[in-house]
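Down below is the structure, laid out as structure tokens.
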């Protein structure tokens with residue numbers, strides 16, 4: 001693989017360039033991409049032009065976006081594809097009952113990655129997006145996944161920093177450790193006001209045929225003290241997804 005004078009490969013530069021995009025910022029100028037990827041503008045412009053030729057990026061109205069070809073290739077290789085296919089019927093049924101945000105999440109490094117989401121008009125505020133990420137300690141899905149992660153990963157996350165998003169976000173290692181134990185014991189996470197004071201996150205683990213936790217299914221509902229009523233339906237949906245995964 002060709003390398004630039006700094007010793008960094010072209011692939012490494014392309015990865016930095018693609019990481020400039022976020023779920024909330026899907027169109028950027030060449031100058032902004034260069035700034036975020038710490039590349040000279042001329043270099044960023046050349047790489048963008050080459051990626052656009054192959055459909056991996058697209059240029060329109062002076063801005064650059066991720067190309068349709070990139071989405072197509074990602075869909076073919078996505079390790080979450082079978083998970084999403086198994087989960088969608090249960091998410092749709094659950095959404096008809098709950099009527100607020102539902103989301104499917106997986107563990108990726110030391111963050112929770114959201115791979116599917118169903119919402120509704122006038123639903124309670126929710127900051128998550130498909131392909132968006134959150135800290136494990138701050139979200140109900142993240143805490144469920146962390147509760148079933150390795151002890152090594154748990155200690156690494158607990159070592160911090162544990163940033164507060166609201167006054168209710170757990171930020172002390174002992175507090176988070178106790179929550180993880182409760183989640184393993186009761187089988188779900190209930191997180192009132194952790195990400196936004198007006199919303200409560202509720203999440204349950206999804207297990208594969210071997211019993212390993214491979215995902216979390218979560219709901220974001222009003223922080224009105226009644227979120228617990230959704231727990232039975234959420235647990236039933238998680239079990240249904242697990243049975244579908246086991247049968248594949």
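The values are calculated or read from the model by the stated rules, or taken from the named source; none is laboratory data. Keep in mind it's a predicted model, so treat the numbers as computed, not measured. Note that we place each Cβ from the backbone using ideal geometry, even for glycine, and neighbour counts take in every protein chain shown.
Here are a few things to note about the model shown:
- Hits in the stretch 209-240 (condition: over 15 Å from residue 193 (Cα atoms) and within 18 Å of the chain's Cα centre (by Cα)): 213, 214, 215, 216, 217, 238
- Residues of the stretch 156-168 that turn out to be crowded, with 17+ Cβ neighbours inside 10 Å and farther than 22 Å from residue 229 by Cα, as a count: 4
- Within the option set 156, 172, 207, 185, being free of Cβ contacts under 8 Å to residues at least 60 places away in the same chain and touching a helix residue (DSSP H, G or I) at 6+ places or on another chain (Cβ under 9 Å) holds for one residue only, 207.
- Flag for residue 141 being under 23 Å from residue 184 (Cβ atoms) and in contact with a strand residue (DSSP E or B) (Cβ under 8 Å, 6 or more places away or on another chain): yes
- The set of residues from the stretch 183-196 being surrounded by 15 or more Cβ atoms within 10 Å (Cβ to Cβ) and either on the phi < 0 side of the Ramachandran plot or not assigned by TED's automatic domain parsing to the domain that holds residue 229 (or both) comprises 183, 188, 189, 190, 191, 192, 194, 195, 196.
For every residue, the table says whether it meets (1) exposed (fewer than 13 other Cβ atoms within 10 Å of the Cβ); (2) assigned to a strand (DSSP E or B).
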{"position": "70", "(1), (2)": "no, no"}
{"position": "84", "(1), (2)": "no, no"}
{"position": "96", "(1), (2)": "yes, no"}
{"position": "103", "(1), (2)": "no, yes"}
{"position": "106", "(1), (2)": "no, yes"}
{"position": "114", "(1), (2)": "no, yes"}
{"position": "124", "(1), (2)": "no, no"}
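- Residue count, the stretch 80-104 (criterion: touching a helix residue (DSSP H, G or I) at 6+ places or on another chain (Cβ under 6 Å) and closer than 14 Å to residue 234 by Cα): 7
- Check on residue 64, part of a strand (DSSP E or B), crowded, with 17+ Cβ neighbours inside 10 Å, in contact with a strand residue (DSSP E or B) (Cβ under 7 Å, 6 or more places away or on another chain) and in contact (Cβ under 8 Å) with a residue 24 or more places away in the chain: yes
- Some residue of the stretch 43-50 being in a strand (DSSP E or B), loosely packed, with under 15 Cβ neighbours inside 10 Å and without any contact (Cβ under 8 Å) to a residue 12 or more places away in the chain: no
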